[in-house]
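Trainee: First the structure, which I've put down as structure tokens, then a few questions once you've had a look.
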Amino acid sequence: MVILAVIYQECIETGASFYNCEFLIATGPPLQLLCSGHYSSELKLRYRDNLVDTNAPYRIWARSYSSYMRQIFVSFYESPISHCSNITCHLNWLHCDKSEMFGIIVHPEEIHCFRYTFSYVRDLQQACNAHVDESADYVGIHYANLFDLNTNSTTTILRKGSKLAMLLKFLVLLWSWKPLNLVLQMALNRSFIGPII
């Protein structure tokens with residue numbers, strides 16, 4: 001299970017991008033609701049998705065352009081699109097299809113899109129009793145809890161966490177840079193040996 005969690009986190013860091021979300025933009029039929037469910041403790045243990053709490057509600061929508069083009073969209077937590085049976089996206093605005101209701105503006109911090117499917121998405125489908133799609137071409141995972149509708153901004157925790165993660169990645173990269181690593185090791189050795197005369 002730990003391996004699955006690590007693989008999922010690696011997918012988020014390497015394969016996911018807001019720029020892979022262009023498939024959501026309405027160019028065909030709307031995404032249709034497949035199922036809704038709650039994030040089980042088993043899923044939490046298996047994937048360790050830090051952005052979702054146990055028992056959080058989620059919904060899955062999907063659409064097919066043909067037998068070879070399948071798209072899936074998962075949204076965690078309640079949002080203005082939670083009650084939609086069909087959703088459409090125009091630029092970064094997700095809303096109920098054929099509705100004048102506002103919907104939500106999708107921010108890069110709260111959505112991850114992939115050009116493939118993986119076990120996490122298949123397990124979410126199975127957990128809410130939907131037909132498990134083994135070969136989806138595009139997947140979007142949306143975290144509605146990361147955006148504060150009252151302040152119109154991403155949550156402070158996410159922004160602080162992102163800055164901390166970037167700083168840690170930078171420090172690891174800096175430490176792994178060979179010339180700097182050698183200089184730091186020499187400096188540390190001198191401090192224990194004493195000044196060179």
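Trainee: With more than 25 Å from LEU45 (Cβ to Cβ) and without any contact (Cβ under 8 Å) to a residue 12 or more places away in the chain as the only criterion, which of GLU109, GLU100 stands out? Walk me through it before giving the result.
Mentor: On the way: GLU109 fails: without any contact (Cβ under 8 Å) to a residue 12 or more places away in the chain.
The match here is GLU100.
Trainee: Would you mention how many residues in region 81-109 are touching a helix residue (DSSP H, G or I) at 6+ places or on another chain (Cβ under 9 Å) and not β-branched (Val, Ile, Thr)?
Mentor: Residues meeting the conditions: 7.
Trainee: Could we say that SER153 is at pLDDT below 50 and hydroxyl-bearing (Ser, Thr, Tyr) here? Let's see the steps before the verdict.
Mentor: Working: at pLDDT below 50: yes; hydroxyl-bearing (Ser, Thr, Tyr): yes.
Taking the combined requirement at face value, the residue satisfies it.
Listed here are the residues, each with its yes/no results for (1) free of Cβ contacts under 8 Å to residues at least 24 places away in the same chain; (2) within 16 Å of ILE111 (Cβ to Cβ); (3) not β-branched (Val, Ile, Thr).
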position: ILE25; (1), (2), (3): no, yes, no
position: TYR39; (1), (2), (3): no, no, yes
position: ASP53; (1), (2), (3): yes, no, yes
position: ARG59; (1), (2), (3): no, yes, yes
position: ILE72; (1), (2), (3): no, yes, no
position: SER75; (1), (2), (3): no, yes, yes
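The values are calculated or read from the model by the stated rules, or taken from the named source; none is laboratory data. Worth saying up front: this structure is predicted, and the values here are computed from it rather than measured. So basically every Cβ, Gly included, is an ideal-geometry build from the backbone, and we count neighbours across all protein chains shown.
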